[in-house]
Amino acid sequence: MTDTATTPPGSLQDSPHGNPSLSPSSSLDGLSYGHWSEAEKLALSCRILAKEGHSETLAGQVTVRQPDGTFLTTPLAHAFGEIRAHSVMRIDDSLRVLEGRGVPNPAVRFHLWVYRRRPDVNCVIHTHPPYVSALSMTGEPLQVAHMDATPFFDDCAFLAEWPGLPIADVEGEIISAALGQKRCVLLANHGFLAATPSIEESLYLSVLIERAARNQLIAQSAYGRLKLVDPVLAKESHDFLLQRSIVNASFAMFARQITQEQP
């Protein structure tokens, strides 16, 4: 999907009118996607995450790898709900600011370990939303016991021990190793991480994992045991719900909602 007709990939410039363009561009399969620059998509992702309860403290980061080896991210001490395209900064792999204002979150360092191990990954999202955080305190992995959780079937790793604050290289090594080749990892006593080829997919999974954790905790508190989805059907559903068309259309839907509610 082309990011924008007028802005080069990775540009920090806003759209000509200062706001993301919400005119849908039609896809071949009939779904509609938004039409945004990388910086606009990153900012929209932050605002969506804030709405979904992922931004209660300074914890949490979003990074986007650029073709030149630099990274887009947001400044420390700015809530996700405050982020707009002009807030986005560009950094190098030593966390030096190349473009934009502010200081990057030092925890971005552990994202860099994921990027080094996974050349397929272009966007990492890490947050501590309430239900994921609660599930991380139980010592149990995410279970696929509902259709809406099937995007995580055999695709969500589990790090069973907290290695400490993720601001040094050792935590980056541990977390990236635990992630392996999967799209997500649930981090015990901590939160989660999504690592995928696109901003759209990482955001999509970030929204879904909080809802999956919520449903798992509610079901376990009410009934104790979970009825897991049949593995064959779970795999079919996983593959269907992670089609690029569905992922990108979902991102566009979330983006329309947040811009309508908070112009």
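Would you work out if the range 128-242 is rounded, prolate or oblate? Take a ≥ b ≥ c from the square roots of the eigenvalues of the alpha-carbon gyration tensor; rounded if a/c is under 1.5, else prolate when a/b is larger than b/c, oblate otherwise. It is oblate, given that a/c is not under 1.5 and a/b is not larger than b/c. Within the listed set Val185, Val170, Val132, the residue fluctuating most in the Gaussian network model of the chain (springs between alpha-carbon atoms under 10 angstrom) is Val170.
When the helices of the chain are scored as -39500 (n - 2.57) per DSSP H run of n ≥ 4 and the total is divided over every residue, the value at 222 nm lands at -11500 deg cm²/dmol.
Taking 4.7 Å between beta carbons as the limit, the unpaired Cys residues of the chain are Cys46, Cys123. Between Ile218 and Thr57, the modelled labels are 2.6 nm apart [label points 7 Å from Cα along Cα→Cβ].
For the range 74-173, what does the relative contact order come out to in percent, with C-alpha contacts under 8 Å and a separation of six or more?
26
In the range 190-263, carbon and sulfur make up what percent of the accessible area (probe 1.4 Å)? The computed percentage sits at 57.
Please say if the chain is rounded, prolate or oblate, where rounded means a/c under 1.5 for a ≥ b ≥ c the square roots of the C-alpha gyration tensor eigenvalues, and otherwise the choice is prolate for a/b larger than b/c and oblate otherwise?
Here the chain falls in the oblate category.
With a 1.4 Å probe and all protein chains left in place, how much of the accessible area of the range 31-175 comes from carbon and sulfur atoms, in whole percent?
Ligands and nucleic acids excluded, carbon and sulfur give 55 percent.
Charged side chains reduced to their Cβ positions (Lys and Arg at +1, Asp and Glu at -1) give the chain a dipole of some 200 debye around its Cα centre.
Heavy-atom accessible surface of the range 149-224, averaged per residue, reaches 37 Å², computed with a 1.4 Å probe. By the rule of a C-alpha distance below 17 Å, with chain neighbours fewer than 8 residues away ignored, the aspartates and glutamates paired with Lys235 are Asp148, Asp154, Asp155. Stretching Ser245 away from Glu82 to a fully extended chain increases their span by 55.8 nm, per 0.36 nm per residue minus the current alpha-carbon distance. In order along the range 176-190, the Karplus-derived 3J(HN,Hα) couplings, from 6.51 cos²θ - 1.76 cosθ + 1.60 at θ = phi - 60°, round to 5, 5, 5, 4, x, 9, 8, 7, 9, 9, 8, 9, 4, 6, 8 Hz, and Gly and Pro are given as x. Apply the Debye scattering formula to the range 205-244, with a single equal point scatterer on each alpha-carbon and no solvent, then give log10 I(q)/I(0) at q = 0.26, 0.30 Å⁻¹. With one equal scatterer per Cα and no solvent, log10 I(q)/I(0) is -0.97, -1.00.
The values are calculated or read from the model by the stated rules, or taken from the named source; none is laboratory data. None of these values were measured; they are calculated from a predicted model. Cβ atoms come from the backbone with ideal geometry, glycine included; neighbour counts cover every protein chain shown. When the accessible area is computed, the model is the full protein with side chains, heavy atoms only, and any ligands, DNA or RNA have been set aside. Shrake-Rupley method; radii C 1.70, N 1.55, O 1.52, S 1.80 Å.
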